[in-house]
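> Please find one structure pasted underneath; my questions will follow.
The values are calculated or read from the model by the stated rules, or taken from the named source; none is laboratory data. None of the values given here were measured: they were computed from a predicted structure. Here the Cβ positions follow ideal geometry from the backbone for every residue, glycine too, while neighbour counts run over all protein chains shown. Protein only, heavy atoms only, side chains kept; ligands, DNA and RNA dropped before computing areas. Shrake-Rupley method; radii C 1.70, N 1.55, O 1.52, S 1.80 Å.
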Amino acid sequence: MDDGSDWSADKLTALRLGRRLVAEVSASRPDRRAFVDIRPTQSEPDAQARDEGWVRSDVERGFRLEHWEYNRERIDAFDYDIGAVLIESADATDESELITVLSAWGIRPRHFVYPWDSDDPK
């Protein structure tokens, strides 16, 4: 993306390869935790590549964004979804629209990490 965004090369590559990224954001109350999730869309060529044992890069991939809030005490438990609230969601048809949605939500690309580097319960 040459739009001045601050995606690191590894995170941009992850998105293009169809990998999910997560950012922790401010929650509405101290007893809650909130996360924004970017899920790249998958297509038939992605399924075919997976069946063949490889991962397909796609610079024209779309994205699904979801902002969830969770009960802080349940975040590490099996039942983390009890009391979870979907704050907002959006679809972005391409990388440019992804930046537009993130900007509207007040989140910078540099805040996103791999799911395993976060406390996101999903």
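> Express the carbon and sulfur contribution to the solvent-accessible surface of region 22-122 as a percent, rounded to the nearest whole number, probe 1.4 angstrom.
Of all accessible area on region 22-122, carbon and sulfur atoms account for 48 percent.
> How long is the gain from Asp10 to Ala27 if the chain were fully straight, where each residue apart is worth 0.36 nm and the alpha carbon distance is subtracted?
Stretched out fully, the Asp10 to Ala27 stretch lengthens by 3.4 nm.
> Another question, if that's okay. Taking the structure as given and computing log10 I(q)/I(0) by the Debye sum over Cα atoms at q = 0.10, 0.18, 0.19 Å⁻¹, which label from [x] -0.44, -1.00, -1.06; [y] -0.33, -0.96, -1.04; [z] -0.59, -1.02, -1.07 fits?
Computed from these coordinates, log10 I(q)/I(0) by the Debye sum over Cα atoms at q = 0.10, 0.18, 0.19 Å⁻¹ corresponds to label [y].
> Over all directions, the average projected area of the alpha-carbon convex hull for region 17-78 comes to how many nm²?
5.6
> Work out how much length Val113 to Glu52 would gain on full extension: take 0.36 nm times their residue separation and subtract the Cα-Cα distance, in nm to one decimal.
19.2 nm
> Right, here's the next one. Provide His111, His67 ordered by accessible surface of protein heavy atoms (probe 1.4 Å), highest first. Walk me through the numbers on the way to the answer.
On the way: His111 90, His67 25 Å².
Descending order: His111, His67.
> Let me ask something else about it. Label Leu86 and Gln42 with points 7 Å out from Cα along Cα→Cβ: what is the distance between them in nm?
Going from the Leu86 label point to the Gln42 one covers 1.8 nm.
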